[in-house]
Amino acid sequence: MTGIAIEVDGTSVHVPEGASLLTAVRAAGVELPALCSDDRLSPAGSCRTCLVRADGRIAAACVTPSSPGARIKTTTDDLVRLRRDAVKIIVSALPPEALAEGNPSELAHACESLGIAPETAQSTGGRGRDDSHPYIHLDRDLCIACGRCVRMCSEVQGTFALTLVGRGGDTVVAPGTGGPWAASDCVACGGCVDTCPTGAIIQPGPARGITSGVGPAAARTRTTCGYCGVGCALDVVTQNGEVAAVLPARDGPVNHGHACVKGRFSHGFRTSPERLTRPLLRRGGTLEPAGWDEALAHVARGLRAAVDAGGPDAVAAISSARATNEDNYLVQKFMRVVIGTNNVDNCSRLCHSPSAAGLTASFGLSGGTDSFDDVERADCLLVVGANPVEAHPVVGARLLNRVLHGAKLVVADPRAVGLALHADVHLRPRPGTNVALFHGLAHILLAERLADEEFLRARATGLPELTQLLADYPPDRVADITGVPAPDLVAAARLYGRAERPAIVYGLGVTEHLHGTDGVRSLANLAILRGAVGTDRGYGVNPLRGQNNVQGASDMGALPDLLPGYGKVTDPAVRSRAERVWGVTVPARPGLRIPDMFAAARAGDLRALWVIGEDVCATDPDASHVAQALDACPLVVCNELFLSETARHADVVLPVASWLEKDGTFVNFDRRFQRVRPAVPPPGETRTDFDIVRALAKAMGVDLGCATPADALAECARLAPVFAGLSHDRLDHEGAVPWPCPDPDRPGEAKLYLERFATPDGLAHLAATPYLPPGEEPDDSYPLVLVTGRRWAHYNSGSMTRRGGNLALDPVDFLDLHPDDAARYEVRGGEQVTVESRHGRARLIARVSEQTAPGQVFCSFHFPASGINRLTSDHADTVTSCPEYKVTAVRVAPP
């Protein structure tokens, strides 16, 4: 065995070198109170409740490192007395409720094990409560100033929202801002609730006690979060068929016991009175409740009529990045097998389709190149066009933790938010100038001989062409294009170029542009030049995915030109493999992309559209034209949780199960397949998307097979070689498996391209793509540039997060603008303003800060009623049709 040997009460144990005595004691199965200790945090040694004798010397076990051959005693009478006295002193300052019968806290458990009577707690209290926050309540009378919550907030979450105030026995935890908890910098990750040993900080409601891990017995279901693409493992605790609490899994492969406000607390939508529980059928212009048989029969007749009138290509489906892999697999199979068309797409079209195209062109596969575990080991992080602190909080916290422990950080983002506040160099390019920025960095790498010449000779192609292009992108010219000072550009390139193990992490600020694919490819150039991809000298290029299964929806073939596993529909060998599995002929012509579907509907060519789990009227660009397309289409079917704006335009609305009620798998942002399990039954007559697709196929006289989600993944594994080693059974045993995984007896490939790249020639391809301007430019009429993105408390169109306590944390949508612009356009913070573009108008609440640069404004898309996507244009990436959400010329005025 590895590590060092320690003797604890006569029992020999092995612990890692440098481990504390407390780790050794627990390895021996000995229970000690340790009220200031949490193994996720740095040790404090302040409570003195974990005293042991080490080689004859009394020591606090949590802060004393183990040494080889040490002999530890824990059970002698004097040690037990010392520990009991230490706990009694702590308890004596607390009110009786601290040890009331049924109290599930760690402190109460310690008192019970030490024989400390409840009457020991005799304080009259009086320090007050703070119940201002919807998810976290503080009882100051129960606080013992152990500091665990403060360290959790700073060391794990990286928010630094909590502090200890007061002196001596009056010391208590408090929000660092000094006001009520709800008005503080807290982002409601729940870590303070999990670590509090006394119940001073709790989650109100039925979750109280459950969160401590020692509360009343309840059913627990391990699943994967259904919000962003991080893929946090969660334990859903249920009582009487309802969700009592959602807890981050301590052994979660990505989150390691951490969570964010959405995964942890935002499950109130499930029981919202607005939840759809019966099918709705449009009769006489009004959506009315209907039975399932009637609704499915109506859809089946409409699909047949569409095919009869316009052929199979008159039908299209928009599958869902919120649905499981198995749902998406079955949807694309339905379209190809039942309808006979490739007209299927998913919302990756609107976010990361440039990632798929760009990464495939550069390296051969459409996913990120490395696991996040490896990225976290990088000594230099280049974070581009992403705000993970808000959009992917668990990733943001882990990256920040790495930076606080010494990694260098370069952030490229127009706004001064999140990780940018901790960056060694913050590059603030003008929106739409990414390609020039990346070329400027690449120019410096070559000019200062920071490129890996051996790697470039052996494993890359395209260097002469790129070198010739980069001659036109010296720092001064790039500064003129991007607005980034040349010295900052040089400093950033040197940090990335001189690092031993650099990594690139990027988001939608790279992809959602007119030339988003060029942006991905020119960003990938940096990793290739450094030899930091497919080697042990770096951790590649890694996109952060916005929705829980946006990677998996594409993996499963919910795309108009690709089958499951990314085989091209135009490739006869790929089609033949699918035809052997499905038993039908697969159409060879690529289908319609989402924007093309809407155009075809407006032109009268698309006669039936099935929209699954997407509120396209709220999230797609140029929203007015989207609504026109839905109104023009003779049959619109919508699978939804709520009566969204899209559902209001539908002819049939089918109520579906949420992620808490489903069986299947998701794929997270670093290509890990993980299980999704139903923790509670869906409400009313709601059905899963999987069951709906099967039932609709049956109504059309076709048996799709795949009786269960497990069967669907197994069939996908037969069809797609990159998934051949995956199954529900394997995931149930192993927890998470990355793709490619072609063999059930071998692990998946967490780090790609160690031997060769997946391109036809086995080489990484450098891209010599010139900088081209964005689709829109500000002018005298529209002088500001609008950028849209996410905020920490909400998710996408807000259909789930606006139906719960998150609305109290972030109740309205703001337009952030610089003080100079606020003064110029006579806008005051807190007032409603009108925002106009060349395409539409929206109304928002102004918020003035220096987070945005002069000439730029920012807002989220979480509040559809604001009309944000009425502003955005129909400009789209020239390769993939991804909309240019990040550059819209606007003007701002009082209402």
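The values are calculated or read from the model by the stated rules, or taken from the named source; none is laboratory data. Just so it is clear, the structure is predicted and the values come from calculations on it, not from any experiment. Cβ coordinates were reconstructed from backbone atoms using ideal geometry, including for glycine residues, and neighbour counts include every protein chain displayed.
Residue by residue, here is whether (1) touching a helix residue (DSSP H, G or I) at 6+ places or on another chain (Cβ under 6 Å); (2) surrounded by fewer than 22 Cβ atoms within 10 Å (Cβ to Cβ) holds:
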site: Trp739; (1), (2): yes, no
site: Arg746; (1), (2): no, yes
site: Glu755; (1), (2): no, yes
site: Asp761; (1), (2): no, yes
site: Pro770; (1), (2): no, yes
site: Leu784; (1), (2): no, no
site: Gly789; (1), (2): no, no
site: Ser797; (1), (2): yes, no
site: Met800; (1), (2): yes, no
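Quick test for you: out of Val375, Val384, pick the one residue that is more than 30 Å from Arg593 (Cβ to Cβ) and touching a residue at least 40 places away in the same chain (Cβ under 8 Å). Going through Val375, Val384 in turn, just one is more than 30 Å from Arg593 (Cβ to Cβ) and touching a residue at least 40 places away in the same chain (Cβ under 8 Å): Val375. Of the residues making up region 641-692, those that are modelled with pLDDT of 95 or more, small (Gly, Ala, Ser), in contact with a Pro (Cβ under 9 Å, 6 or more places away or on another chain) and surrounded by 24 or more Cβ atoms within 10 Å (Cβ to Cβ) number 2. Summed over region 826-856, residues that are surrounded by 22 or more Cβ atoms within 10 Å (Cβ to Cβ) and under 24 Å from the mean Cα position of the chain (by Cα) total 1. Among the residues of region 585-613, those that are part of a helix (DSSP H, G or I), out of contact with any Lys or Arg (no Cβ under 9 Å at 6 or more places or on another chain) and crowded, with 24+ Cβ neighbours inside 10 Å comprise Met597, Phe598. Of the candidates Asp313, Asp308, Asp379, Asp373, the single residue that is within 16 Å of the chain's Cα centre (by Cα) and among the charged types (D, E, K, R) is Asp373.
Within region 614-622, is even one residue out of contact with any helix residue (DSSP H, G or I) (no Cβ under 7 Å at 6 or more places or on another chain) and in a loop (DSSP other than H, G, I, E, B)? Scanning region 614-622, I find at least one residue that is out of contact with any helix residue (DSSP H, G or I) (no Cβ under 7 Å at 6 or more places or on another chain) and in a loop (DSSP other than H, G, I, E, B), so the answer is yes.
Filter region 648-678 for residues that are over 30 Å from Ala244 (Cα atoms) and of a type outside the set (D, E, K, R) and give the result. Across region 648-678, the qualifying residues are His649, Ala650, Val652. Checking each residue in region 135-176 for being of a type outside the set (S, T, N, Q), in contact with a Pro (Cβ under 9 Å, 6 or more places away or on another chain) and assigned to a helix (DSSP H, G or I) picks out Asp141, Leu142, Arg148. Reported count of residues in region 44-93, each being among the aliphatic types (A, V, I, L, M) and in contact with an Asp or Glu (Cβ under 7 Å, 6 or more places away or on another chain), is 2.
Any residue that is in a loop (DSSP other than H, G, I, E, B), acidic (Asp, Glu) and surrounded by fewer than 23 Cβ atoms within 10 Å (Cβ to Cβ) - is there at least one of those in region 878-891? Within region 878-891 (the criterion being in a loop (DSSP other than H, G, I, E, B), acidic (Asp, Glu) and surrounded by fewer than 23 Cβ atoms within 10 Å (Cβ to Cβ)), the answer is no, since none of the residues qualifies.
In contact with a strand residue (DSSP E or B) (Cβ under 8 Å, 6 or more places away or on another chain) and at pLDDT 90 or above: does that describe Thr2? Write out each step before concluding.
Details: in contact with a strand residue (DSSP E or B) (Cβ under 8 Å, 6 or more places away or on another chain): yes; at pLDDT 90 or above: no.
No, not satisfied.
A count restricted to region 488-503 and to residues that are touching a helix residue (DSSP H, G or I) at 6+ places or on another chain (Cβ under 9 Å) and part of a helix (DSSP H, G or I) stands at 8. Can you go through Leu287, Leu296, Leu350, Leu330 and tell me which one is farther than 23 Å from Asn668 by Cβ and surrounded by 20 or more Cβ atoms within 10 Å (Cβ to Cβ)? The conditions single out Leu296.
For region 358-431, list the helices (runs of 4 or more DSSP H) that sit wholly inside it and hold at least 3 residues that are of a type outside the set (A, V, I, L, M); which are they?
Numbers: elements: 372-375, 388-391, 393-404.
The qualifying helices (runs of 4 or more DSSP H) are 372-375, 393-404.
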